[in-house]
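Coordinate-derived values only; no laboratory data. The model shown is predicted, which means the values in this text are computed figures rather than measured ones. All Cβ positions, glycine included, derive from the backbone under ideal geometry; neighbour counts span all protein chains shown.
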């Protein structure tokens with residue numbers, strides 16, 4: 001059942017997962033490149049020094065922001081006209097445009113909502129949930145196929161698409177679980193299933209009513225390294241009751257524009273810190289090494305989507321259409337097939353053709369459809385049983401052993417079992433041996 005669940009969930013959502021994974025890879029690359037280009041404040045530079053330098057370059061300064069990459073941007077009014085730019089922290093002067101990168105904006109929109117608004121966000125969240133389920137079910141299936149955790153890194157054989165699917169999954173599963181869980185958390189916040197408010201301390205208590213205190217001498221800003229800044233909003237110059245609003249990676253506070261002293265402070269709460277950690281782990285902004293890792297994992301997810309479809313197509317194509325398949329009720333020879341990727345069906349078709357040429361009425365069917373009452377004229381049963389991984393039943397043999405064990409009287413016609421397997425597994429042809437053992441246990445000749 002788990003294999004069918006893994007297969008059909010993956011197939012139904014393969015396009016969603018493929019697009020989300022590729023766009024996630026692209027965003028990881030953009031974040032890493034941005035981090036490489038960013039001009040960061042010096043380790044010794046303070047918020048007071050940074051703000052003073054930018055204010056000299058832009059007297060109408062309204063806000064300074066530092067991105068997770070370290071890039072500093074400023075917004076101001078000059079002659080009544082708004083302006084913005086990425087600035088050099090060392091000089092405060094413009095370095096480049098602050099307008100969002102159109103490439104980043106495009107990939108972000110694809111990744112978050114597929115350009116479908118809230119409906120697209122629901123689809124993206126569903127894709128994240130599916131990826132989590134696929135990662136968990138795929139891990140369980142891989143462990144079963146490989147023969148246990150001890151063989152997790154064992155060499156694989158078989159068709160390229162299936163081998164590549166499992167090999168990539170073994171490496172990418174940790175990153176896929178991390179991306180899926182963090183995406184679900186962020187989706188829950190977006191749709192207010194989780195309500196985590198930003199740190200806030202209400203109104204500023206008792207401003208001094210003065211203005212014009214030099215930025216470089218402000219005690220509250222001199223005590224903070226520029227590398228901890230997230231946002232500094234400037235007060236209106238003609239309003240002595242207005243204050244600086246300071247946001248850092250530790251919380252938010254108000255600074256008096258007339259004295260430079262901290263009027264109030266609210267640190268980040270536990271869940272706010274968790275939320276910010278989740279955001280960082282998903283986007284890797286400000287963590288280029290993590291960004292490279294997540295980008296590689298996202299690319300692996302895209303390949304997994306493609307190889308999963310290829311594996312299914314190979315099984316569908318490899319299962320031949322059995323020509324002149326005799327009705328079950330009239331067959332004298334019954335060929336039952338247990339196959340995972342379709343190749344055993346090819347052997348069954350060849351065998352059926354040869355038997356038919358010899359004058360037999362042959363019915364070919366999956367092992368999962370077995371019941372003696374369906375074959376009243378059967379004179380012989382031939383079972384072609386492949387093994388999935390290290391001893392498991394293949395897809396088309398599900399439930400066969402259970403039905404066999406429920407028989408009170410075995411069929412009168414004799415039976416033969418032919419096993420197919422991979423010698424790379426300790427339990428070579430393990431499922432065929434299980435079938436043979438059960439047949440002997442019920443006394444079937």
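Tabulated results
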| read-out | value |
| --- | --- |
| Degrees between helix 270-283 axis and first principal axis of the chain (Cα, 0 to 90, nearest 10) | 70 degrees |
| Inter-label distance, nm, simple model (7 Å from Cα along the C-beta direction), residue 160/residue 96 | 3.9 nm |
| Cβ-based exposure ranking for 27, 224, in which fewest neighbours within 10 Å come first | 224, 27 |
| Of 112, 230, 403, the one that fluctuates the most in a GNM where the chain has Cα springs shorter than 10 Å | 403 |
| q = 0.11, 0.13 Å⁻¹, the range 216-370: log10 I(q)/I(0) [Debye, one scatterer per Cα] | -0.68, -0.80 |
| Prolate/oblate/rounded label for the range 319-441 (Cα gyration tensor, a/c 1.5) | oblate |
| Highest-MSF residue in the chain out of 306, 188, 226 [GNM, Cα springs under 10 Å] | 188 |
| Approximate shape of the range 71-116 as ellipsoid semi-axes (Cα gyration tensor, √5λ), whole Å, largest first | 28, 14, 7 |
| Extension gain from residue 329 to residue 292, taking 0.36 nm per residue of separation minus the Cα-Cα distance | 7.2 nm |
| Mean shadow area of the chain, taken as a quarter of the surface of its Cα convex hull (nm²) | 27.8 nm² |
| Ranked list, fewest to most other Cβ atoms within 10 Å of each Cβ, for 101, 118 | 118, 101 |
| GNM flexibility winner over the chain from 19, 289, 30 (Cα, springs under 10 Å) | 289 |
| Helix-only CD estimate at 222 nm, as mean residue ellipticity for the chain, using -39500 (n - 2.57) per DSSP H run (n ≥ 4) | -15000 deg cm²/dmol |
| Distance (nanometres) between label positions extended 7 Å along Cα→Cβ at residue 272 and residue 210 | 3.0 nm |
| Additional length obtainable on full extension of the chain from residue 57 to residue 174, 0.36 nm per residue less Cα span | 37.4 nm |
| Virtual spin-label span in nm between residue 403 and residue 357, 7 Å along Cα→Cβ | 3.0 nm |
| Exposure proxy ranking, count of Cβ atoms within 10 Å, fewest first, for 234, 213, 5 | 5, 213, 234 |
